[in-house]
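Chemist: Encoded as structure tokens, here's the structure I'll be asking about.
Where a number appears in this text, it was derived from the coordinates with a stated rule and is not lab data. Since the structure is predicted, the reported quantities are computational estimates derived from the model, not experimental observations. Don't worry about glycine lacking a Cβ; one is built from the backbone with ideal geometry, like all the others, and counts go over all protein chains shown.
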Amino acid sequence: MRNFPGTPVKKMDDFQPRRRLLLEMFRTGLARVHGRRCVAAALGEPAPAAPVWVAAVGKAATAMALGAHDALGRAIERTLLITREREDLSGFPAGAVPEVWLGSHPVPDERSLAAGERLLTWVDELPAAVWPLFLISGGASSLVEVPAQGATLEDLAALTRESFSSGMPIGELNSRRAALSRIKGGRLAARLEGRTARALFVSDVPRDDPRVIGSGLMGPPPGGDRIERVVVASVDHAVAAVAAHAAQLGLLVHASGQRFADGAERLAARFAHELHLGEAQLRVWGGESTVELPPHPGRGGRNQHLALAAARLIAGRGELLLLAAGTDGSDGVTDDAGALVDADSCARMTLAQLDADDCLAQADSAAALAASGDLVHTGPTGTNVGDLVIGLKLSAQDAEPVAQHRDVRAPRVL
């Protein structure tokens with residue numbers, strides 16, 4: 001079976017109606033915040049009279065750049081991509097294949113520094129008649145960098161590693177990153193020296209602040225500038241899309257109005273509690289959790305950790321399922337987006353001679369969830385707006401007509 005980007009790879013039990021329904025909900029959220037779609041819609045018509053140079057930086061760089069080409073067409077003269085891994089470029093028009101630089105994520109390396117120097121050169125080379133368009137998405141903080149005077153690559157890497165072990169909030173991390181950088185914290189924008197430009201953002205940070213997205217790679221400088229900044233996608237858009245789709249299927253839905261930001265295990269307890277006691281059949285939350293790692297952690301990520309913690313709490317409750325996944329298609333140092341757990345997940349781990357409590361203590365959630373068949377894999381998704389958690393409270397019998405889009409009742413949203 002061929003899977004396209006953003007579609008969870010189907011495991012043995014993903015054909016069960018409720019699991020299939022949750023995966024479909026996740027895909028609906030991803031589609032709403034896809035970089036190509038959101039950038040094309042934001043740019044619209046007509047194309048600018050001046051020639052355009054595009055610089056796209058982040059995990060969603062390729063998708064966002066494709067959206068710019070969809071909207072602006074031949075007005076684009078040059079495209080610079082700085083991203084995590086080389087993706088299919090066949091969607092770009094003939095003769096408009098972008099210049100691609102690969103950086104490192106989540107810890108910056110020499111490739112990130114080389115990409116940073118290229119971005120500085122690109123800005124300095126801008127002709128006077130060109131209209132610069134910057135497309136920024138999550139991951140830019142580590143994918144591209146030019147250290148400040150006196151700072152080193154090891155300083156940047158050490159800060160990132162510290163954030164892993166301490167559970168540092170993303171806002172604090174990006175603020176500290178900007179202090180070590182020559183291009184973050186509005187410094188790249190200042191290098192434009194007052195010329196008119198536009199910056200579009202796919203946001204993965206709290207409050208969708210351009211001063212924080214990508215550590216402020218295109219944030220405003222202290223003296224101001226002439227850059228128009230627009231956030232074209234955020235986790236709130238993904239949450240709303242999931243809720244709307246579930247309501248259309250006749251499910252009783254609750255979408256959280258506030259983004260979550262707390263330790264993964266505490267959040268797992270909260271989500272499981274709300275799902276179990278609330279009236280809603282489907283609940284959706286958006287945000288970003290944290291995990292404090294032990295000295296020698298295993299494999300996993302914050303979404304897998306949250307899902308594993310939730311699996312313990314919903315064990316034996318046959319009507320409950322929960323999916324936790326990163327919208328960028330990755331989680332921590334793994335290539336999986338997250339996991340989808342149910343009432344029997346812990347039992348399947350036990351059959352594989354693994355203990356959920358031990359795996360949580362060792363931050364080795366990936367091992368437990370691989371054994372239970374609960375990992376969700378998407379590949380690159382073309383977006384990065386943080387994390388989605390979707391909970392389902394529905395018996396297997398009631399799920400069958402909903403999953404097959406039959407017996408649809410009037411939409412209800414709590």
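Chemist: Taking only C-alpha pairs under 8 Å that are 6+ residues apart, what is the relative contact order of the chain in percent?
Modeler: This gives 19 percent for the chain.
Chemist: Could I ask something else about it? Using the alpha carbons of segment 294-392, what is the convex hull volume per residue in cubic angstrom, as a whole number? Could the numbers behind the result be given before it?
Modeler: On the way: hull volume 8.2 nm³, N = 99.
So the per-residue hull volume is 82 Å³.
Chemist: How many angstrom separate the Cα center of segment 23-82 from the Cα center of segment 97-116?
Modeler: 20 Å
Chemist: Which residue, Val123, Val107, Val146, has the largest displacement toward the positive end of the dipole of segment 35-233 when charges sit on each Cβ (Lys, Arg +1; Asp, Glu -1)?
Modeler: Val123
Chemist: For helix 61-72, what angle does its Cα long axis make with the longest principal axis of the chain, in degrees from 0 to 90 and rounded to 10?
Modeler: With both axes taken from Cα atoms, the answer is about 60 degrees.
Chemist: Enter the Cα centre distance for the pair segment 322-371 and segment 278-297, rounded to the nearest angstrom.
Modeler: 12 Å
Chemist: Mind putting a number on the dipole of segment 35-233 about its Cα centre? Charges go on the C-beta only, +1 for Lys and Arg and -1 for Asp and Glu, and I need it in Debye to the nearest 20. Mind showing how you got there, number by number?
Modeler: Numbers: 22 positive and 23 negative charges, 61 e Å.
I would put it at about 300 debye.
Chemist: Quick check: convex hull over the Cα atoms of segment 35-233, volume per residue in Å³, rounded to an integer?
Modeler: 107 Å³
Chemist: Neighbour counts of other C-beta atoms within 10 Å: give me Thr334, Thr62, Thr79 arranged from fewest to most.
Modeler: Working: Thr334 20, Thr62 30, Thr79 25.
Listing Thr334, Thr62, Thr79 from fewest to most nearby Cβ atoms yields Thr334, Thr79, Thr62.
Chemist: Would you please put 194-202, 43-51, 392-400, 301-309 in order of how densely packed they are, using the mean number of other Cβ atoms within 10 angstrom per residue and starting with the highest? Display every interim value, and only then the final one.
Modeler: Working: 194-202: 21.6, 43-51: 12.4, 392-400: 17.4, 301-309: 29.9.
Highest mean packing first, the order is 301-309, 194-202, 392-400, 43-51.
Chemist: Please compute the alpha carbon radius of gyration of the chain, then divide it by the globular-protein estimate 2.2 N^0.38 Å. Two decimals is fine. Each step should come with its number before you reach the end.
Modeler: On the way: Rg = 21.5 Å, N = 414, 2.2 N^0.38 = 21.7 Å.
Scaled against compact globular proteins, the figure is 0.99.
Chemist: In addition: Relative to the first principal axis of the alpha-carbon coordinates of the chain, what is the inclination of helix 17-32, with its axis defined by its Cα atoms, in degrees from 0 to 90 and to the nearest 10?
Modeler: Approximately 20 degrees, to the nearest ten.
Chemist: Can you tell me the order of 345-351, 154-160 when each peptide is scored by its average per-residue count of other Cβ atoms within 10 angstrom, highest first?
Modeler: Values: 345-351: 19.4, 154-160: 15.9.
Per-residue Cβ counts within 10 Å, averaged per peptide and sorted highest first, yield 345-351, 154-160.
Chemist: Sticking with this one: Could you give the angle, 0 to 90 degrees to the nearest 10, between helix 110-124's Cα long axis and the longest principal axis of the Cα atoms of the chain?
Modeler: 50 degrees
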